[in-house]
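Student: Pasting a structure here, questions to come.
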Amino acid sequence: MIDVAGMTKKFGSKLAVDDLSFTVRSGMVTGFLGPNGAGKSTTMRLVLGLDTPTRGQARVNGRTYTKTKAPMTEVGALLEAKSVHPGRTARNHLRALAATHGISKKRVDDMIELVGLSDVAGKKAGEFSLGMSQRLGLAAALLGDPETLILDEPINGLDPEGVAWVRNLVKYLASEGRTIFISSHLMSEMAMVADHIIIIGMGRLIVDSEMSDLVMQASGLVTKVRSPNAAAIIQAVNRSGRSATDEGDSTISIRGLTAQAIGEEAAKRGWVLHELTPIQRSLEEIYMEMTDSAVEFVTGAVPRTEPDQLRDQPPTLSSLAKSSSARRGR
Amino acid sequence: MATGVDSIQITGSKTHKLSFLRLVRSEWIKVFTLRSTWWILGFTVVLNIGISLALIAALRYAEYIATTPMPGAEEFEFEVELGSLGMLSNVVVTGCGFVGQLVFIIFAVLAITNEYSSGMIRSTFTASPRRLRVLLAKLVVIATLCIPIFAISVGASWAGGYAILQGCIGVDVTLTSAVSLRIMGGFLISITLLALFCFGLGTIIRSTAGSIGMAVGIIVVLPMVFSVLLQVFATDPDPTGWVRWLMNASEFLPTTAGWVITQPEFSDSAILGPWEGVGVLGAWTLGCLVIGFTTTVRRDV
């Protein structure tokens with residue numbers, strides 16, 4: 001279990017983590033999401049004691065990590081993939097780490113086999129691809145058979161097979177009762193593994209919720225309605241406190257009412273409906289919406305091109321210039 | 001490439017604990033699993049012995065010139081005073097304390113700075129969050145390598161020198177005299193303190209180039225600056241004022257103080273005796289290590 005309480009970290013005048021509090025429970029996978037620069041890596045480093053928080057604290061299994069007697073059996077961590085000396089072979093790297101806790105050579109070889117690096121264990125880590133480095137990092141994290149795993153973007157650079165393998169591995173480890181804290185900037189990836197989701201943006205907590213709640217939130221809350229009585233419907237919905245927006249062409253989208261409720265109301269009032277469709281929003285969309293205001297690196301808006309538009313007229317120089325001036329304007 | 005989760009036991013034994021001896025063992029593995037270590041240590045020994053033997057050969061040549069009458073000048077009698085050409089122990093430590101020490105301090109610096117430059121430090125301090133113990137383990141490894149490396153260098157150079165200079169007039173080749181043992185033993189102590197001083201610089205500065213630059217600056221450049229200044233300004237053999245102060249201060253530079261013990265005899269005007277010199281170098285080393293260790297424990301990685 002990881003307990004983060006009121007944790008703040010300043011680098012100079014820059015606030016990297018801002019009064020963050022959350023709990024990562026054991027026996028499940030907790031996804032840690034946020035845009036680039038949101039403070040995910042910093043939070044993980046603070047938990048591990050690599051950085052010292054300006055205020056607040058983090059506890060692992062009830063203790064400050066730096067005070068534990070057998071750190072590698074408490075926490076296994078995969079931080080930035082290049083936490084390895086490039087001139088040392090993968091096996092020797094793991095042996096050096098294992099030696100600090102008197103972990104056997106056999107265990108080292110087992111972990112090498114587990115992550116699928118047996119063929120290249122004698123190669124220098126500096127020659128490894130990003131995917132191989134990630135596997136090496138995972139082997140290092142698992143050496144001490146830790147209660148808690150802290151994995152920073154573990155699927156970066158892995159091939160699809162590797163991604164599926166990591167997914168299975170973390171689910172399996174969670175099923176054994178371990179605490180799994182795994183960061184990513186991809187909601188779609190987290191949706192496949194995480195039981196619980198913590199989202200941060202600009203160092204602040206945005207969401208701390210069960211994955212299933214988030215999925216519920218994502219489905220059926222927006223309904224698309226096409227009707228000749230559009231104007232009357234908009235009026236009625238807005239009066240009821242929900243929101244309805246005119247999409248033009250007699251189409252409106254209604255928020256906060258299910259398709260069922262809208263249909264029943266329409267029948268009662270005698271409105272003609274040409275279309276009544278619950279819109280499934282993807283988790284990705286929800287995630288984007290929530291972190292929209294908390295994105296540190298704002299990109300310029302790219303002029304949206306419809307598929308047919310794209311075919312007929314490629315974006316002109318002037319439209320690109322417009323978008324870049326829009327970016328400067330922000 | 002990936003193996004199924006079920007095929008290998010992920011759950012291992014839970015009895016593992018961190019200990020200081022295990023940290024030393026881990027650092028030992030780290031040192032000897034890098035090719036650069038073998039190069040540096042090998043290079044140190046070769047340079048030490050090579051330079052010592054070159055100095056010894058020069059000495060043998062000087063003795064030859066001094067004792068061989070010029071052809072056609074047989075009537076000249078050439079008296080050589082015993083001991084006037086030098087002492088083998090002193091020549092050996094001069095050769096071993098020349099370029100070889102500069103190579104070895106690179107090793108001492110790299111022991112910490114290569115962890116920062118590669119990112120390995122994050123793995124190291126995650127596996128052992130008690131940073132002070134990690135640094136102490138590194139210190140033990142550096143010291144236990146420094147002493148035998150230089151002992152082998154001195155021993156081999158001395159043996160070679162003895163074979164070359166045995167029976168030469170004017171060279172003191174005794175090994176077991178008090179002076180000789182003090183010179184060679186003191187050299188091993190000073191060179192180890194110096195290596196640890198440079199390791200301390202590495203823990204403070206963290207960058208390899210910066211640390212090595214600083215180390216060379218303190219070991220080589222600083223004494224040179226002082227000696228140039230003194231040659232320019234200290235015209236009076238017993239100067240006063242700031243020149244006097246400069247003269248005294250130059251004795252307290254880490255290397256100058258540490259090498260007093262390797263001299264066969266001492267000038268009467270010197271402030272520091274041999275063991276006081278070692279003490280001054282030790283104070284420099286301790287101060288540097290305390291600053292380095294404190295900042296390492298406090299600063300973010």
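What follows draws every value from the coordinates through simple rules; no lab data is involved. As the structure is a prediction and not an experimental result, all values here were calculated from the model. Positions of Cβ are backbone-derived with ideal geometry, glycine not excepted, and every protein chain shown enters the neighbour counts.
Student: So what is the relative contact order for chain A, in percent, with contacts set as C-alpha pairs under 8 Å and at least six apart?
Tutor: 20
Student: What is the Cα radius of gyration of the protein assembly as shown over 2.2 N^0.38 Å, N being its residue count?
Tutor: That works out to 1.39 for the protein assembly as shown.
Student: When the helix-only estimate is applied to chain A (DSSP H runs of n ≥ 4, each -39,500 (n - 2.57), divided by the residue count), what is the mean residue ellipticity at 222 nm, nearest 500 deg cm²/dmol?
Tutor: -11000 deg cm²/dmol
Student: Separation between the B:F98 and A:S129 pseudo-spin-labels, each 7 Å from Cα along Cα→Cβ, expressed in nm?
Tutor: 5.2
Student: Just grab the label-to-label distance for B:S269 and B:T174, each label 7 Å out from Cα along the Cβ direction, in nm (one decimal).
Tutor: 3.0
Student: Additional query: Assuming R0 = 35 Å, can you tell me the calculated FRET efficiency for the pair B:Y162 and B:L222, based on Cβ-Cβ distance, to the nearest 0.05?
Tutor: With a Förster radius of 35 Å, E is 0.50.
Student: Percent relative contact order of region A:39-182, based on C-alpha pairs within less than 8 angstrom and at least six residues apart?
Tutor: Relative contact order of region A:39-182: 27 percent.
Student: Just report the Cα centroid separation between region B:38-58 and region B:205-266, whole Å.
Tutor: 25
Student: Still on this model: Could you put A:E80, B:E63 in order, starting from the residue whose Cβ has the fewest other Cβ atoms within 10 Å?
Tutor: Result, fewest neighbours first: A:E80, B:E63.
Student: Please list the radius of gyration and Dmax for region A:173-284, considering alpha-carbon atoms only, with Å as the unit.
Tutor: Here Rg and the maximum Cα pair distance are 18.9, 57 Å.
Student: Students often forget the sequence filter, so: which lysines lie under 26 Å Cα-Cα from A:K105 once same-chain residues fewer than 8 apart are removed?
Tutor: Answer for A:K105, where 26 Å is the Cα cut-off: A:K69, A:K82, A:K123, A:K124, B:K14, B:K17, B:K30, B:K138, listed by chain and number.
Student: Efficiency by 1/(1 + (r/R0)^6): what FRET value for B:F20 and A:D159, r their Cβ-Cβ distance, R0 = 56 Å, to the nearest 0.05?
Tutor: 0.85
Student: Cα-based Rg (one decimal) and Dmax (whole number) for chain B, in Å?
Tutor: So, for chain B, Rg and Dmax equal 24.0, 96 Å respectively.
Student: How do A:M187, A:M216 line up, fewest other C-beta atoms within 10 Å first?
Tutor: A:M216, A:M187
Student: For chain B, what is the calculated [θ] at 222 nm in deg cm²/dmol (nearest 500), taking -39500 (n - 2.57) for each run of four or more DSSP H residues and dividing by its residue count?
Tutor: After summing the helix terms and dividing by the residues of chain B, the value is -23000 deg cm²/dmol.
Student: Report the gain in length on full extension from A:E265 to A:D109: 0.36 nm times residue separation, minus Cα-Cα distance, nm rounded to one decimal.
Tutor: Length difference between fully extended and current span is 49.5 nm.
Student: Residues of B:124-136, mean number of Cβ from any other protein chain within 10 Å of their own Cβ, rounded to a whole number?
Tutor: Partner-chain Cβ atoms within 10 Å, mean over residues of B:124-136: 5.
Student: How large is the direction-averaged shadow of the alpha-carbon convex hull of region B:147-301, in nm²?
Tutor: Result: a mean projected hull area of 12.2 nm².
Student: Just to verify a number: FRET efficiency for B:I65 and B:V140, C-beta to C-beta distance, R0 = 35 Å, to 0.05?
Tutor: The computed FRET efficiency comes out at 0.15.
Student: While we're here: Going by how many other beta carbons lie within 10 Å of each one, how would you line up A:K171, A:K268, A:K105, fewest first?
Tutor: Ascending number of Cβ neighbours within 10 Å: A:K268, A:K105, A:K171.
Student: Rounded to whole Å, give me the distance from the Cα center of region B:167-183 to that of region A:179-234.
Tutor: Result: 84 Å between the Cα centres.
Student: When the Kirkwood radius is taken over all Cα pairs of region A:124-199, what Stokes-Einstein diffusion coefficient follows at 20 °C and 1.002 mPa s, in µm²/s?
Tutor: For the chosen part, D equals 165 µm²/s.
Student: Next up: Using 7 Å Cα-to-Cβ label points, what is the A:L186/B:W39 separation (nm, one decimal)?
Tutor: Result: 3.9 nm between the two label points.
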